[in-house]
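Data block below; observations after.
The values are calculated or read from the model by the stated rules, or taken from the named source; none is laboratory data. What you see is a predicted model, and the numbers here were worked out from it, not measured in a lab. Methodologically, a virtual Cβ is constructed for each residue, glycine included, from the backbone with ideal geometry; neighbour enumeration extends over all protein chains shown.
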Amino acid sequence: MKIDGHCHCGSITFEAEVEPEKVWLCHCTDCHMLSGSAFRAVVPTKEGAFTLLSGEVKNYVKIGTSGARRLHGFCPECGAPIYSTSESDGPKVYNLRVGTLRQRW
């Protein structure tokens with residue numbers, strides 16, 4: 001399914017191909033803190049199926065409790081989180097934040 005989305009202020013816009021049935025809830029402590037809730041809804045999309053249409057995402061690396069290094073992309077203007085992905089090379093999976101999507105199942 002083709003989807004599109006944007007950050008809170010509209011500086012970052014993007015589109016992607018996703019499978020709606022793959023939406024999942026992350027319950028890690030980082031998502032607790034970043035969402036202010038018990039979970040965060042995400043949907044994965046593969047590298048090549050995710051395109052930034054406008055703006056430039058700012059990234060930072062967070063080391064999880066597992067030791068995994070996760071790259072978090074957000075809007076440098078409004079701070080809205082856009083995705084997380086692995087820091088390593090190779091085919092990436094972007095976990096898009098469902099709250100930024102125009103299509104919210």
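Here is how the numbers come out for the structure above:
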{"read-out": "Looking only at segment 22-39, and only at residues there that are at pLDDT 90 or above and in a strand (DSSP E or B), the one that is surrounded by the fewest Cβ atoms within 10 Å (Cβ to Cβ)", "value": "L25"}
{"read-out": "Of all residues making up segment 84-105, the number that are of a type in the set (S, T, N, Q) and touching a residue at least 60 places away in the same chain (Cβ under 8 Å)", "value": "3"}
{"read-out": "Any hit, segment 75-90, residues being touching a Lys or Arg at 6+ places or on another chain (Cβ under 6 Å) and more than 21 Å from V23 (Cβ to Cβ)", "value": "yes"}
